[in-house]
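For reference, the structure discussed in these notes is given below.
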Amino acid sequence: MSGAAEASSADAHPQKISVLFVCLGNICRSTMAEGVFRSIVKDKSSPYYNLIDKVDSCGTGGYHTGDEPDSRTMSTLADHGIKNYTHAARRVRDSDFQDFDYIFAMDNGNLEDLERWRNRNHKLASSKAKIMLFGEFSGTGRKEIVQDPYYVGRNAFEKAFEQCKRFSTNFLEQTFPDVPKTTTS
């Protein structure tokens, strides 16, 4: 069964799920995804408010541990009305594979790193987390990656935002098909 198909098999009374977003340094893409996803699900008026437990992000590398998100991530989020997001970068840890239901990688390198991380410890091999490329929820019929905008510029941050919004909406709609659709403003 594909990841998207697995995500769409929700119970009549679904249990809360937890989601972790992962990129390389945890200051651009994964924080963008976390900020966007939180804006959709953590507002009390959201139809997903009582369906989502933990939402977090991290990096496969520890290059920026403790740092705030890149200023271009924050300004892109703010330009789209997301102004209350805060985060301190961290590296992925073993407990993430037990604590989160879904771990979304931003690109294939991140996905390979996460699978390698999980497979190096036999206790993690049976963890509950579904490790997937976030772009499996592109809605285009093909998997997309979220390119690292760090060295590219502001337009790349806007593209990352658009992808994160679209992927988040598609994931939620597929995971909770009985919940009214979200608006994609």
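The values are calculated or read from the model by the stated rules, or taken from the named source; none is laboratory data. Nothing here was measured: the structure is a model prediction, and the numbers come from that model. In this analysis, Cβ positions are derived from the backbone assuming ideal geometry, glycine residues included, and neighbour counts consider all displayed protein chains. The area values use the complete protein model at the heavy-atom level, side chains included, leaving out ligands, DNA and RNA. Shrake-Rupley method; radii C 1.70, N 1.55, O 1.52, S 1.80 Å.
Values computed for the structure shown
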read-out	value
Residues within the stretch 114-135 that are out of contact with any strand residue (DSSP E or B) (no Cβ under 8 Å at 6 or more places or on another chain) and either within 15 Å of Gly61 (Cα to Cα) or crowded, with 20+ Cβ neighbours inside 10 Å (or both), tallied	3
Any chance Ile52 is closer than 20 Å to Ala156 by Cα and either hydroxyl-bearing (Ser, Thr, Tyr) or touching a residue at least 24 places away in the same chain (Cβ under 8 Å) (or both)	no
Output for the stretch 55-79, where each listed residue is of a type in the set (A, V, I, L, M) and within 12 Å of Phe161 (Cβ to Cβ)	Met74, Leu77, Ala78
Scope the stretch 66-87; condition within 17 Å of the chain's Cα centre (by Cα), within 15 Å of Val55 (Cβ to Cβ) and open to solvent by 40 Å² or more (accessible area, probe 1.4 Å); matching residues	Thr86
Selection from the stretch 141-185 of residues that are of a type in the set (Gly, Ala, Ser) and part of a loop (DSSP other than H, G, I, E, B)	Gly141, Gly153, Ser185
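For (1) of a type outside the set (Asp, Glu); (2) assigned to a loop (DSSP other than H, G, I, E, B); (3) more than 18 Å from Ala156 (Cα to Cα); (4) touching a residue at least 40 places away in the same chain (Cβ under 8 Å), each residue gets a yes or a no:
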residue	(1), (2), (3), (4)
Thr73	yes, no, no, yes
Lys83	yes, yes, yes, no
Ala88	yes, yes, yes, no
Arg93	yes, yes, yes, no
Gln98	yes, no, yes, no
Asn110	yes, no, yes, yes
Asp113	no, no, yes, yes
